[in-house]
Amino acid sequence: MNNFILYNPTKVLFGKGMCSKIGALIDKNAKILLAYGGGSIKKNGVYDQIKSALKGRKIVEFSGIEANPEYETCMKAVKLIKKERINFILAAGGGSVIDAVKFISAAVKFKGEPWDILSKGAEVKDALPFATVLTLPATGSEMNMNSVISRRGLSLKLAFASPKVFPLFSVLDPTFTYSLPKKQISNGVVDAFVHVLEQYLTYPAAAPLQDRFAESIMLTLYQEGPKALKSPKNYDVRANVMLCATFALNHMIASGVPQDWSTHGIGHEITALYGLDHAQTLAIVMPKMMLFKRAQKRAKIISLGKAVFGIEEKSAKLAVDKTVAAFKDWLKKLDVKFEFADYGIDAKEAPKRIAQNLARSVKTLGEHNDITPKDVEKLLAIK
Ligand code: NZQ
Ligand code: ZN
């Protein structure tokens, strides 16, 4: 097992009605920026619950944060925060709103050009405190220190991470997810599942506890994901999906084990170039990645097949093939497409274009740092 430091200061308020407790957790004198997206929180009652929990408090609103949050939008919020002398941000939404707020909170305090945080990995030394009310279980952003921001004008989608951008607290009320469209339910389940794969599907690292944690999250998502589509108002199903998504990427299962993240790296390029939803890009890349790296990842692909998909197969070759097929079958159940053509993308032209865009910011990917942009072109061409 590798050495590690595990640090996670985010307080989680889990369950129905927990939003009512947020007033006591935010400084009484704070001037709060309530940041949200395109307005789903106004239709599903989340906005009203937040306003009632923060009755009598100084609140300024910032709306319109788009899916795959845009740098320019974030910078508008930075300007507003400085003008209004805001000292706390509450993000209400999915990963996009939360990621945007992480970047905004870092950018407000950053001395210099905030774009450098994303483009040059400039260190975030300070950030405005913020908290989240999660409405879409998927990214784990509510309990991690990562953020991904897009700059459409430059066809870039870049990530940063800093312990300064852990949320102070996050409200996880499963009933807030009842209003999600089917597509977003599936997106969230697939994203969370692939987060676990990025931290599991590498090579055995003498870390059976982390492996069992990872398998139990995937097995739960495998079983509960399709149920969430069928019974969107089943509280227990939604609660389990929500908890899985948070625990899939809150740094816990990454402790002491190798990590991959190449599927995400490539996926971000697909979103930057073609505008696909984050999870849709992962559904395209992950099966191809498993096949491209089937030799190096063999032992873990076979464990995945056994533990999650129930595959018992003596031949290693067949076990790998069956596991990839089972993953694709599950994607079908969730109605998430996994071929370029399904999204109207030219499968002949896309691999090269994606690899070239990736090469602008990345030299190598993967747990062995051995996947080059040329390899990415090859693996994306796998059928
Ligand atoms: O904008 P609103 O009106 O809120 O609508 C959103 C949006 O259109 C809607 N939605 C959210 N909650 C809803 C709802 N609609 C009805 N009812 C609700 N309860 O869903 C749409 C998508 O929301 P978005 O926040 O974009 O989705 P998601 O949570 O999947 O976030 C995706 C972003 O997170 C990044 C992705 O790259 C992408 O930019 N990621 C962040 C990570 C992190 N910080 O650790 C890791 C991930 O791998 C990922 O890269
Ligand atoms: Zn993801």
I'd like the full set of residues that are open to solvent by 10 Å² or more (accessible area, probe 1.4 Å), in contact (Cβ under 8 Å) with a residue 40 or more places away in the chain and assigned to a loop (DSSP other than H, G, I, E, B), limited to the range 164-205. F166, L168, Y178, S179, L180, Y203, P204, A205
Give the residues of the range 314-360 that are of a type in the set (G, A, S) and buried (at least 18 other Cβ atoms within 10 Å of the Cβ), sorted by residue number. A319, A350, A355
Apart from one, (1) over 30 Å from Q199 (Cα atoms); (2) open to solvent by 40 Å² or more (accessible area, probe 1.4 Å); (3) in a loop (DSSP other than H, G, I, E, B) all hold for I5; the odd one out is (1)
Do we find that V148 is under 21 Å from S63 (Cα atoms) and either touching a residue at least 12 places away in the same chain (Cβ under 8 Å) or buried (at least 24 other Cβ atoms within 10 Å of the Cβ) (or both) in this structure? yes
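Out of the residues in the range 47-95 that are in a helix (DSSP H, G or I) and in contact with a Ser or Thr (Cβ under 6 Å, 6 or more places away or on another chain), which is farthest from ligand 1 (Cβ to nearest atom)?
To start, the set of residues in the range 47-95 that are in a helix (DSSP H, G or I) comprises 47-53, 71-84, 95.
Next cut, in contact with a Ser or Thr (Cβ under 6 Å, 6 or more places away or on another chain) only: 53, 95.
Numbers: A53: 17, G95: 3 Å.
Only one residue fits best here, namely A53.
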Under 7 Å between Cβ atoms, at least 6 apart or on separate chains: pull out the pairs that start in the range 82-102 with a residue that is charged (D, E, K, R) and end on any residue that is within 16 Å of ligand 1 (Cβ to nearest atom) and at pLDDT 95 or above. D99/P69; D99/S141; D99/S147; D99/V148; D99/I149; K102/S147; K102/V165
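Yes/no matrix, rows are residues, columns are (1) over 14 Å from V190 (Cα atoms); (2) without any contact (Cβ under 8 Å) to a residue 12 or more places away in the chain; (3) open to solvent by less than 50 Å² (accessible area, probe 1.4 Å); (4) among the hydroxyl-bearing types (S, T, Y):
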residue: N234; (1), (2), (3), (4): yes, yes, no, no
residue: G256; (1), (2), (3), (4): yes, no, yes, no
residue: E269; (1), (2), (3), (4): yes, no, yes, no
residue: S303; (1), (2), (3), (4): yes, no, yes, yes
Conditions first: (1) open to solvent by 10 Å² or more (accessible area, probe 1.4 Å); (2) closer than 27 Å to C19 by Cα. Q223 passes all but one, so which condition is the exception? (2)
Are there any pairs, at least 6 apart or on different chains, whose C-beta atoms fall under 7 Å, with the first in the range 129-142 and farther than 15 Å from G23 by Cα and small (G, A, S) and the second away from ligand 2 (no atom under 12 Å from the Cβ) and part of a loop (DSSP other than H, G, I, E, B), and if so, which? G140/N250
Take the residues of the range 289-299 that are closer than 25 Å to Q223 by Cβ and surrounded by 20 or more Cβ atoms within 10 Å (Cβ to Cβ): which is nearest to ligand 1 (Cβ to nearest atom)? M289
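The values are calculated or read from the model by the stated rules, or taken from the named source; none is laboratory data. It should be emphasised that the depicted structure is a prediction, and the values quoted were computed from it without experimental measurement. Cβ atoms come from the backbone with ideal geometry, glycine included; neighbour counts cover every protein chain shown. For the accessible areas, the whole protein counts, side chains as well, though only heavy atoms, and no ligand, DNA or RNA atoms are used. Shrake-Rupley method; radii C 1.70, N 1.55, O 1.52, S 1.80 Å.
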